[in-house]
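The values are calculated or read from the model by the stated rules, or taken from the named source; none is laboratory data. Computed from a predicted structure; not experimentally measured. Every residue, glycine as well, gets a Cβ built from its backbone with ideal geometry; the counts of neighbours run over all protein chains shown.
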Amino acid sequence: MLLYHIHDWQQAVLSPWRFAAEAAQAAFQNPFVPASYTQAGRAIAAGAELFERSTRNFHKPAFGLSAIKFRGKMIDIREEVVDEKPFCRLLHFKRSAEHPDIAKKLLHDPKVLVVAPMSGHHATLLRGTVEALLQEHDVYITDWTDAKLVPLSKGHFDLEDYIEYVMEFIRFLAPDVHLLAVCQPAVPVLCAAAILAEMKDPAQPSSMTLMGGPIDTRVAKTVVTELARKKDIDWFRNTVIHALPFYYPGAYRMVYPGFIQLNGFMSMNMERHIGEYFKLFQNLVRGDDDSVTKHREFYDEYLSVMDTTAEFYLQTVERVFQTHDLPEGKFMWHGQLVKPQLITRTALLTIEGELDDISAPGQTRAAHDLCTGLSKDMKVAHLEIGVGHYGIFNGRRWRERILPVVRDFIRAHGNNSVEAGSHLKVVHSKG
């Protein structure tokens, strides 16, 4: 249970060496130092940067979305907190334009709630997702709070609380809100829609888009599903759950530490990450600033992680990956059975990537089999060929191939419109 203390002690021990590396980097990149123009000098600076980046803690970055270009004109973006709870802030990316025609158009764009995953990374990992959506949508996002920053006095937070938060945010934004869940929140978002449907709540969302989520992990094996299958829940509780040290705001809270999650992420593709850092070294020596900037931007985000509460993590492992409560028809929310078959007003779009090694193809599409109350024209399954997990919500393929599918689906199902249909539409995109 002292792992957190050991990790922080290690960071403290490495601090003098990290400061020395930063000094060397600054010296050998200084244009007034003749050695900075030599290959040896650039190699020393590059090595110093690799050491510094390999040993530091990366803090949560900002979204940094201040403006976007729309129809040749710049639209200002202002990030505002519209609702706040102990474990989450609801952020709105408010758009404004001076041109009256554009300003009028913005008022009629569909309202989209992006439900970010609470699985290690911050919501800022979806910066590219949000930026692309802002072109034609009024975008909100769940900005989950690092558990180490939440005092014990604020109470606990588990999977059922997550569902409740989503429902409250839907009600806050109603009417006619569209949900977009990336990865882990596919399960709680589907549950939230089902509970609202059973309640006949007028705030029922118009549509939900589930992207690379573990609706039924039995459908296709991955490293993640195999780990959950081979280890019982007590192994996870005794191995990866630790108490926060006294010097954090969330002192003594039991958490799944972000640095352990990051090690898991990295180990799944270790050769690739080592290769990327080797490329960074080469590009720094060559002076390829564009490639260096892209690497820094990606890894500054990827290496920035947050802690999650122990109860949320353990419930997710057990109920989603081990006992498969939702596809088995036994998922309970505060003593109430969740019934996806009662969803009739919320259209369903699933997005999967052919090469997804976290939520393999088929896991997300399983949601269609659960939502039997939806007319089939309200269900679309999209498989993007040649794309992995990250590529379905970020990057060129997301912007050029997947976003148009999401955009058209949302606009087709605004205002809870229902049309008769006879078949599930399945789309395979090769790009």
Only one of (1) surrounded by 18 or more Cβ atoms within 10 Å (Cβ to Cβ); (2) within 30 Å of A21 (Cβ to Cβ); (3) in contact with a Gly (Cβ under 7 Å, 6 or more places away or on another chain) does not apply to A35, and that is (1)
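Quick test for you: out of I75, I6, pick the one residue that is outside any helix (DSSP H, G or I) and modelled with pLDDT under 90.
Working: I6 fails: outside any helix (DSSP H, G or I).
Result: I75 is the single residue among I75, I6 that is outside any helix (DSSP H, G or I) and modelled with pLDDT under 90.
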Within the range 62-101, the residues that are surrounded by fewer than 17 Cβ atoms within 10 Å (Cβ to Cβ), closer than 24 Å to P151 by Cα and of a type in the set (A, V, I, L, M) are A62, V81, V82
D290 meets each of (1) in the same structural domain as A412 (by TED's automatic domain parsing); (2) within 29 Å of F58 (Cβ to Cβ); (3) without any contact (Cβ under 8 Å) to a residue 24 or more places away in the chain with one exception, condition (1)
Note on the range 202-229: residues at pLDDT 95 or above, among the charged types (D, E, K, R) and surrounded by fewer than 16 Cβ atoms within 10 Å (Cβ to Cβ) are R218
Of the residues in the range 244-285, those that are among the hydroxyl-bearing types (S, T, Y) and part of a helix (DSSP H, G or I) come to S267, Y277
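Which is touching a strand residue (DSSP E or B) at 6+ places or on another chain (Cβ under 7 Å) and under 30 Å from H5 (Cβ atoms), of M270, M266, M211, M254?
Details: M270 fails: touching a strand residue (DSSP E or B) at 6+ places or on another chain (Cβ under 7 Å); M266 fails: touching a strand residue (DSSP E or B) at 6+ places or on another chain (Cβ under 7 Å); M211 fails: under 30 Å from H5 (Cβ atoms).
On inspection, the qualifying residue turns out to be M254.
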How many residues of the range 160-170 are over 16 Å from V82 (Cβ atoms) and crowded, with 23+ Cβ neighbours inside 10 Å? The answer is 2
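Quick one: is E49 in contact with a helix residue (DSSP H, G or I) (Cβ under 9 Å, 6 or more places away or on another chain), part of a helix (DSSP H, G or I) and either more than 17 Å from Q282 (Cβ to Cβ) or among the hydroxyl-bearing types (S, T, Y) (or both)?
Working: in contact with a helix residue (DSSP H, G or I) (Cβ under 9 Å, 6 or more places away or on another chain): yes; part of a helix (DSSP H, G or I): yes; either more than 17 Å from Q282 (Cβ to Cβ) or among the hydroxyl-bearing types (S, T, Y) (or both): no.
Considered against the rule, which asks whether it is in contact with a helix residue (DSSP H, G or I) (Cβ under 9 Å, 6 or more places away or on another chain), part of a helix (DSSP H, G or I) and either more than 17 Å from Q282 (Cβ to Cβ) or among the hydroxyl-bearing types (S, T, Y) (or both), E49 comes out as no.
Quickly run through the range 2-25 and pick out the residues that are among the aromatic types (F, W, Y) and more than 20 Å from G47 (Cβ to Cβ).
Y4, W9
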(request) Considering every residue within the range 119-126, establish whether at least one is at pLDDT below 95, outside any strand (DSSP E or B), touching a strand residue (DSSP E or B) at 6+ places or on another chain (Cβ under 8 Å) and on the phi > 0 side of the Ramachandran plot. (result) yes
Looking across the range 171-190 at residues that are surrounded by 24 or more Cβ atoms within 10 Å (Cβ to Cβ) and assigned to a helix (DSSP H, G or I), the single one that is farthest from the chain's Cα centre (by Cα) is L190
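Let's see how each residue does on (1) over 15 Å from F281 (Cβ atoms); (2) in the same structural domain as E98 (by TED's automatic domain parsing); (3) basic (K, R); (4) touching a residue at least 24 places away in the same chain (Cβ under 8 Å):
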residue: D8; (1), (2), (3), (4): yes, no, no, yes
residue: Q11; (1), (2), (3), (4): yes, no, no, yes
residue: S15; (1), (2), (3), (4): yes, no, no, no
residue: V33; (1), (2), (3), (4): yes, no, no, no
residue: Y37; (1), (2), (3), (4): yes, no, no, no
residue: A40; (1), (2), (3), (4): no, no, no, no
residue: A62; (1), (2), (3), (4): yes, no, no, yes
residue: M74; (1), (2), (3), (4): yes, yes, no, no
residue: I77; (1), (2), (3), (4): yes, yes, no, yes
Checking L284, L342, L337 in turn, the sole residue that is in the same structural domain as M167 (by TED's automatic domain parsing) and either within 23 Å of C183 (Cβ to Cβ) or buried (at least 16 other Cβ atoms within 10 Å of the Cβ) (or both) turns out to be L342
Within the range 317-341, residues more than 16 Å from W235 (Cβ to Cβ), assigned to a helix (DSSP H, G or I) and either of a type in the set (A, V, I, L, M, F, W, C) or modelled with pLDDT under 95 (or both) come out as V320
Selection from the range 357-398 of residues modelled with pLDDT of 95 or more, surrounded by fewer than 18 Cβ atoms within 10 Å (Cβ to Cβ) and part of a helix (DSSP H, G or I) yields D369
Self-check item: Selection status of T372, of a type in the set (S, T, Y), free of Cβ contacts under 8 Å to residues at least 60 places away in the same chain and touching a helix residue (DSSP H, G or I) at 6+ places or on another chain (Cβ under 6 Å)
Solution: yes
Checked pairs for the range 258-282, first under 18 Å from V224 (Cα atoms), second in a helix (DSSP H, G or I) and among the hydrophobic types (A, V, I, L, M, F, W, C), C-beta under 6 Å and 6 or more apart or across chains, list as I260/V240; M268/V223
(1) at pLDDT 95 or above; (2) part of a helix (DSSP H, G or I); (3) surrounded by fewer than 18 Cβ atoms within 10 Å (Cβ to Cβ) all hold for L314 apart from (3)
